[in-house]
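Take a look at the structure set out below.
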Amino acid sequence: MTAHHDALETRDAAARAAALARALPRAVARAAVAPAYAALLGGVDPAAVTDAAALVRLPVTRKSDLIARQAEAPPLGGFNAVPMAELARIFASPGPIHEGQPDGADPWRFARALHATGLRRGMLLHNCFAYHFTPAGFMLDAGARALGCPVFPAGPGNTEAQARAAAHLRPACYAGTPDFLKAILEAGDALGLDLSSIRLGHVTGGAYLPALRAFYAARGLTVLQSYGTADLGLVAYESEAREGLICDEGVVVEIVRPGTGDPVPEGDVGEVLVTTLSDAMPLIRFATGDLSAVLPGTSPCGRTNTRIRGWMGRADQAAKVRGMFVRPEQVAEVMRAHPGLGRARLVIGHAEGRDTMLLRVETPVRDAALVDSLLRSIQGIMRLRGEVRLEEPGALPNDGVVIEDARPA
């Protein structure tokens, strides 16, 4: 399973940068056509946005922006850069957030991820993602069809029926949540069915835990995962090397400090921002709310794009303190008022019947004036009193946590 989906996967850094320099200005220009981005990108020269460094200067788009805009201007809030008539489908995800499906083959780009799993032309895909309301079923379906593979649209649930259908149809590959394949296989065992045709699995939409990996490996299955969202489609995917997730060629991935658009150093945990290069439904610096980190180097499988460590938790860490919300954005604002400091973590506690706040800040400086200045910033920005503790550089965990709620459950 060494062949690559296309030559894009093995480009050198210079070729990928040159392609991005052509694609990013077009993506920003297309986004500026969408009413939702017209004001956000006003004054931005798309021709000047040719790399990740230039992208950093653009505003972040958050799920809350989609929800608010779509409530004001249904159905898509003006995030579509083409008329509704040019979209193939409209979906509804929790939030509620509505997504438009661009027309054309494989608009969510999942063929690349399925190919990395081992799916090849003519193989049958047993697709257990839902085809109603949310786009997951169509995402994997379109990817398989782009590879020339037929699809059994099984959908979720009905485990025994799934096992019987798989025994009859003899699919080569499963697509669905990580644990549902195990349920189907165990149902097949209990019913005495032969499910040996399933040698591959492509999983997403849930935690793919080590015990589950071991279960599939013991049965001789190759089951790999991907990371994507209903808004963005495929973001990154696993290859047979099983060393992180390789970023898709149709997106630009940034890792930033939660609550900001500021990039973190390579290897640091931060929030995943994604820019799509779609003409129909462009998203610029879209904040997923998920935490991850960039892995150094390239994959041993030969694919050369950036790798991330996969899902590492949630970045939206708001907490209510003494009746008021504190958010990562506020912590970031405090830190911007004091340049040159390292990581920061706001620890929420409870003592003597009252919520407490302690801002831990990495800095080699031991200066009472700095502490006093930070205390004033906390009160001015968060409207709450807290304490400050200066820590040695490297004292805080590299886990992307900005607000730690340490109060008893």
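None of the figures in this text is laboratory data; all of them are computed from the coordinates on show. Note that the structure is a prediction, hence the values are computed from the model and not measured. Quick reminder, even Gly has a Cβ in these numbers, built from the backbone with ideal geometry, and neighbours come from all protein chains shown.
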Checklist line | Residue within segment 182-199 that is within 30 Å of THR275 (Cβ to Cβ) and touching a residue at least 60 places away in the same chain (Cβ under 8 Å) present | finding: no
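Mind listing whichever residues of segment 233-250 are free of Cβ contacts under 8 Å to residues at least 60 places away in the same chain and crowded, with 17+ Cβ neighbours inside 10 Å?
Once the filter is applied, which keeps residues that are free of Cβ contacts under 8 Å to residues at least 60 places away in the same chain and crowded, with 17+ Cβ neighbours inside 10 Å, segment 233-250 yields only VAL235.
Condition check ((1) in contact with a His (Cβ under 7 Å, 6 or more places away or on another chain); (2) closer than 22 Å to ALA31 by Cα) across all residues:
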{"position": "ALA88", "(1), (2)": "no, yes"}
{"position": "ALA92", "(1), (2)": "yes, yes"}
{"position": "ASP103", "(1), (2)": "no, yes"}
{"position": "PHE110", "(1), (2)": "no, no"}
{"position": "ALA144", "(1), (2)": "no, no"}
{"position": "ASN158", "(1), (2)": "no, no"}
{"position": "ALA175", "(1), (2)": "yes, no"}
Checklist line | Selected residue (criterion: nearest to ARG120 (Cα to Cα)) from residues of segment 135-177 that are without any contact (Cβ under 8 Å) to a residue 24 or more places away in the chain and not aliphatic (A, V, I, L, M) | finding: ASP141
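Of all residues in segment 190-205, count the ones that are surrounded by 14 or more Cβ atoms within 10 Å (Cβ to Cβ) and on the phi > 0 side of the Ramachandran plot.
Let us first name the residues in segment 190-205 that are surrounded by 14 or more Cβ atoms within 10 Å (Cβ to Cβ), namely 193, 195, 197-205.
Retained after the next criterion (residues that are on the phi > 0 side of the Ramachandran plot): 205.
Total satisfying the criteria: 1.
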Note to self: From the list GLY353, GLY386, GLY380, exactly one residue is touching a helix residue (DSSP H, G or I) at 6+ places or on another chain (Cβ under 7 Å), over 26 Å from PRO265 (Cβ atoms) and small (Gly, Ala, Ser). Which is it?
What the structure shows: GLY386
Check: Pairs, please: C-beta under 7 Å, at least 6 apart or cross-chain, first residue under 17 Å from HIS4 (Cβ atoms) and in segment 114-129, second in a helix (DSSP H, G or I)?
Finding: LEU114/GLY143; LEU114/ALA144; LEU119/ALA144
Check: Right, ALA52: touching a residue at least 12 places away in the same chain (Cβ under 8 Å) and more than 21 Å from the chain's Cα centre (by Cα) or not?
Finding: no
Check: Got at least one residue in segment 357-365 being surrounded by 21 or more Cβ atoms within 10 Å (Cβ to Cβ) and either of a type in the set (D, E, K, R) or part of a strand (DSSP E or B) (or both)?
Finding: yes
Next item on the list: May I ask you to list the residues in segment 256-294 that are within 28 Å of PHE325 (Cα to Cα) and of a type in the set (Ser, Thr, Tyr)?
Entry: THR260, THR288, SER292
Item checked: Pick from segment 55-69, criterion hydrophobic (A, V, I, L, M, F, W, C) and touching a residue at least 24 places away in the same chain (Cβ under 8 Å), ranking: nearest to PRO258 (Cα to Cα) -> VAL60
Notebook entry, point to check: Do any helices (runs of 4 or more DSSP H) lying entirely in segment 157-257 carry at least 3 residues that are more than 30 Å from GLN101 (Cβ to Cβ) and in contact with a strand residue (DSSP E or B) (Cβ under 9 Å, 6 or more places away or on another chain), and which ones are they?
Noted result: 210-218
Next item on the list: Tell me which residues, restricted to segment 372-390, are surrounded by fewer than 17 Cβ atoms within 10 Å (Cβ to Cβ) and either in a loop (DSSP other than H, G, I, E, B) or not hydroxyl-bearing (Ser, Thr, Tyr) (or both).
Entry: ASP372, LEU375, ARG376, GLN379, GLY380, ARG383, LEU384, ARG385, GLU387, ARG389
